[in-house]
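Contents: one structure, followed by commentary.
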């Protein structure tokens with residue numbers, strides 16, 4: 001038999017306990033109802049996706065943890081996480097998953113849900129706004145700079161108006177105010 005010191009303390013934990021009252025059971029079903037979410041429940045947290053992810057070591061929540069968080073119903077934590085926006089979309093996690101969970105596609109679904117709820121990082125919102133306003137993300141070098149580089153003074157046929165019109169009528173336009 002082991003001796004105790006008489007004090008009854010809970011065991012030390014390395015992570016904060018999950019507040020069960022904040023879980024949203026419908027979140028799991030919402031993701032599963034999306035075209036790429038049907039295999040979500042097949043995840044058994046083997047961590048293959050995390051091992052394959054080239055930037056997982058920079059994340060607070062690893063890919064397998066994000067999937068578990070979705071399954072548990074941790075909607076706010078997932079949709080507010082920086083990880084869903086930092087995903088490189090290299091599909092390494094998805095290609096290696098032994099259960100065929102479409103991890104990258106599920107992260108895309110989470111981005112879409114987060115955007116609908118206005119949970120878009122400022123840097124992403126600013127890029128989208130610039131794309132709506134200019135029709136491109138990179139400013140074309142000024143004519144005089146182009147000449148100094150021995151390039152044609154103007155870019156022939158560069159017109160972004162049609163693209164900007166189309167983009168304004170998409171979800172991106174609606175979310176970042178491109179009426």
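The values are calculated or read from the model by the stated rules, or taken from the named source; none is laboratory data. Because the structure is predicted, anything quoted here is derived from the model rather than measured. Quick reminder, even Gly has a Cβ in these numbers, built from the backbone with ideal geometry, and neighbours come from all protein chains shown.
Before we move on, is residue 102 in the same structural domain as residue 169 (by TED's automatic domain parsing), surrounded by 12 or more Cβ atoms within 10 Å (Cβ to Cβ) and in contact (Cβ under 8 Å) with a residue 40 or more places away in the chain? Quick ask: steps written out before the conclusion?
On the way: in the same structural domain as residue 169 (by TED's automatic domain parsing): no; surrounded by 12 or more Cβ atoms within 10 Å (Cβ to Cβ): yes; in contact (Cβ under 8 Å) with a residue 40 or more places away in the chain: yes.
Here the answer is no, as residue 102 does not meet what is asked.
Of (1) touching a residue at least 24 places away in the same chain (Cβ under 8 Å); (2) within 23 Å of residue 17 (Cβ to Cβ); (3) in contact with a helix residue (DSSP H, G or I) (Cβ under 8 Å, 6 or more places away or on another chain), residue 68 satisfies all except one. Which? Exception for residue 68: condition (3). Scanning region 101-112 for residues that are more than 10 Å from the chain's Cα centre (by Cα) and assigned to a helix (DSSP H, G or I) returns a single hit, 103. The requirement of being part of a loop (DSSP other than H, G, I, E, B), modelled with pLDDT under 95 and in contact with a helix residue (DSSP H, G or I) (Cβ under 6 Å, 6 or more places away or on another chain) is satisfied by residue 37. Cβ separations smaller than 7 Å between residues 6+ apart or across chains give the following pairs from region 18-29 residues that are surrounded by 11 or more Cβ atoms within 10 Å (Cβ to Cβ) to residues that are outside any helix (DSSP H, G or I): 23/73; 23/74; 24/73; 27/73; 28/73.
If only residues of region 114-146 that are touching a helix residue (DSSP H, G or I) at 6+ places or on another chain (Cβ under 6 Å), under 12 Å from residue 79 (Cα atoms) and part of a helix (DSSP H, G or I) are counted, the one that is modelled with the lowest pLDDT is 115.
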